[in-house]
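**Student:** Sharing a structure with you now.
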């Protein structure tokens, strides 16, 4: 087990190195002068020269990268062009909001997704199965941002009109109360819920065919005990892994969801920074997400090795 | 004929009768047929948009701005009075393009990389897999956002961004399938009679890993359309003068509470075509590659 963990941790190093080269290289490979990109087209020649010097653009590329990497390793992701504040401080300021949204969404997706998957697998090819899987198929086919906009219309316009209420049921934008969380959570959870439902159904169908399930039924256990006590517990192992991997989907979905609902997380900060051409901020957020995602995947892999011994001996 | 040569000739490529059986099974697979029908409607709409569109999709008419559906304008008019139905037809044309070209980029780069990594193994495999790991460190559309953010908006850049995202999917799939196929007896037999590496990859391995690649491509076109629409929605897609569904949603969202149809129809169109492709992909998977469906 220790050998597996060490090997898995060592694999993270080239990934992080490569991700930092990609983020560093993206600005350099982009057409035009990076100093102009950062200081802006209309900046004075003095300002452009200053940016060039600050970024070390007069140095060779490998040296520029070495300077960039040493700063990153010290937690210095540069300064925002828009606010002048350190990039890392802005990210850490917005991060709790994104984590809150991702957590509520993953919880909702897991609860509804697993329930739909179980219901579908218990009565395959019934109307419950058909309905659940249609819902799941719609979930993976629907653009996240469009679902957000449709929920806004439903909860802020249609439902209040039908119920004769003066204002929206849930606030369409902003943050601060639990009501603000409802629509972004449903929106962000939709895709993951659909994936989890399909995955749960597939693994449950497999598990329900196993001999020990037949034995459990043969010894007279109630169907509920067979499904939840014996089958689901075993079917959940691959589902838990998929849940860990949903973190990435949630992060990229958060970029869109936060934009739709003006939710003050790092996804919206990224989009705002792109439109403002705040390149240090864009670089910082992308690197931060890539590093975070890599470590979450590492944790999931190690957790999975604990759950399923076949992985660590493979 | 030696035993090895006989085995080489028995490489499990589908015969015409197997193909006919698969086709018959496909036509009986109702969800797949529904998916195919949706995709066909979408392709026809895209190709024949100039003939089918009742109005010029770019002609603004401020008198009709934000008007709802009517007998003259079936799906209403957008924020500057352009005909929504005509714009959706032209948008289908662009979605077809942003669905197919990025997937071709992914196929052309990802499949050879996966084939070579799986077939030769060793350092080549290690390097290819680390490269893919690096790309996968940027979850979902974040890689496409990264590329787009630095390359800037534009149709070409959009296709490159979305195309790059599909490379890891194909590399992993081609590598995994190659690893399985290269252990088969017919490959060993071909090797024993001295078949060259290139011939082996081209004639014996590639044809036998095509089924999962075809299935994945259908699902990947759906994913590319969604990604392109998302980039359009974030303002990283095509220039404003090009009709694209995601960009239509982005422009229309200001009027969401006063003119619902401006955001409802483009999103519905995206969902419908992606649903069609997913149904088709799921059906093809059931028929061509039952192992993947399990």
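Here, each number is a calculation from the coordinates, and none is a lab measurement. Because the structure is a prediction, the values reported are computed rather than measured. Glycine also receives a Cβ, built like all others from the backbone with ideal geometry; neighbour counts cover every protein chain displayed.
**Student:** Please check which bits of region B:84-108 a label hung off residue B:44 would reach, taking the label as a point 7 Å along Cα-to-C-beta and the cut-off as backbone N under 16 Å.
**Tutor:** B:89-90, B:92-93
**Student:** Roughly speaking, what is the stretch gain from residue A:162 to residue A:276, that is 0.36 nm per residue apart minus the C-alpha to C-alpha distance, in nm to one decimal?
**Tutor:** 37.0 nm
**Student:** So for A:212, A:65, fewest C-beta neighbours within 10 Å to most, what's the order?
**Tutor:** Listing A:212, A:65 from fewest to most nearby Cβ atoms yields A:212, A:65.
**Student:** What is the calculated FRET efficiency for residue A:9 to residue A:234, with r their C-beta to C-beta distance and R₀ = 25 Å, to the nearest 0.05?
**Tutor:** With a Förster radius of 25 Å, E is 0.30.
**Student:** Next up: On a C-alpha basis, how far is the centre of region A:197-273 from the centre of region B:154-188 in Å? Whole number, if you could?
**Tutor:** The distance from the Cα centre of region A:197-273 to that of region B:154-188 comes to 27 Å.
**Student:** Just to be sure I understand: with springs between alpha-carbon atoms less than 10 Å apart, which residue in B:138, B:233, B:42 has the highest mean-square fluctuation in the Gaussian network model of chain B?
**Tutor:** Comparing B:138, B:233, B:42 in the GNM, the peak value goes to B:138.
**Student:** Which residue fluctuates most in the GNM of chain A (Cα springs below 10 Å): A:73, A:269, A:158?
**Tutor:** Fluctuation is largest for A:73.
**Student:** Sketch the reach of a paramagnetic label on residue A:43 as a point 7 Å from Cα along Cα-to-Cβ, and name the residues of region B:133-172 whose backbone nitrogen lies under 15 Å away.
**Tutor:** none
**Student:** For a quick check: sort B:287, A:92 by the number of other beta carbons within 10 angstrom, fewest at the front.
**Tutor:** The order, fewest Cβ neighbours first, is A:92, B:287.
**Student:** Helix A:144-153 versus the longest principal axis of chain A: what angle, 0 to 90°, nearest 10, using Cα atoms?
**Tutor:** Computed tilt is about 80 degrees.
**Student:** Let me ask something else. Per residue of A:14-23, count partner chain C-beta atoms within 10 Å of its C-beta, then hand back the mean as an integer.
**Tutor:** Mean shielding by partner chains, rounded to a whole number: 5.
**Student:** Tell me whether region A:79-217 comes out rounded, prolate or oblate; compute the Cα gyration tensor, take square roots of the eigenvalues as a ≥ b ≥ c, and use a/c under 1.5 as the rounded threshold.
**Tutor:** Oblate.
**Student:** Obtain the nm distance between the two label points defined at residue B:191 and residue A:85 by a simple spin-label model: each point lies 7 Å from its Cα along the Cα-to-C-beta direction.
**Tutor:** For the pair residue B:191/residue A:85, the computed spacing is 5.9 nm.
**Student:** Let me ask something else. Between rounded, prolate and oblate, where does chain A land on the alpha carbon gyration tensor, with a ≥ b ≥ c its root eigenvalues, rounded for a/c under 1.5, else prolate if a/b exceeds b/c?
**Tutor:** oblate
**Student:** Enter the mean number of other protein chain beta carbons within 10 Å of the beta carbon of each residue in B:217-230, as an integer.
**Tutor:** 2
**Student:** Using a Gaussian network model of chain B with C-alpha springs under 10 Å, which one of B:192, B:177, B:95 is most mobile by mean-square fluctuation?
**Tutor:** B:192
**Student:** Sticking with this one: Sorted by packing (mean other beta-carbon atoms within 10 Å per residue), highest first, where do A:3-13, B:69-79, A:49-59 land?
**Tutor:** Descending mean neighbour count gives B:69-79, A:49-59, A:3-13.
**Student:** Would you mind pulling out the separation of the Cα centroids of region A:47-91 and region B:39-93, in Å?
**Tutor:** Here the two parts' Cα centres lie 47 Å apart.
**Student:** Run the helix sum for chain A: -39,500 (n - 2.57) per DSSP H stretch of 4+ residues, divided by residue count, reported at 222 nm to the nearest 500 deg cm²/dmol.
**Tutor:** Using -39500 (n - 2.57) per qualifying helix, the result is -25000 deg cm²/dmol.
**Student:** Within 10 Å of each residue's Cβ, count the other Cβ atoms and sort B:38, A:153 from fewest upward.
**Tutor:** A:153, B:38
**Student:** OK, next. Report, in deg cm²/dmol and to the nearest 500, the calculated mean residue ellipticity at 222 nm for chain B, where each DSSP H run with n ≥ 4 adds -39500 (n - 2.57) and the sum is divided by the residue count.
**Tutor:** It lands at -23000 deg cm²/dmol.
**Student:** Follow-up question, since we're still on this one. Please work out whether the protein assembly as shown counts as rounded, prolate or oblate from its C-alpha gyration tensor, where a ≥ b ≥ c are the square roots of the eigenvalues and a/c under 1.5 means rounded, while otherwise a/b larger than b/c means prolate and anything else oblate?
**Tutor:** Note, shape of the protein assembly as shown comes out rounded.
**Student:** Moving on to the next point. If I take R0 = 35 Å and measure r between the Cβ atoms of residue A:71 and residue A:99 in this structure, what FRET efficiency does the formula 1/(1 + (r/R0)^6) give, to the nearest 0.05?
**Tutor:** Computed FRET efficiency for residue A:71 and residue A:99 comes out at 0.90.
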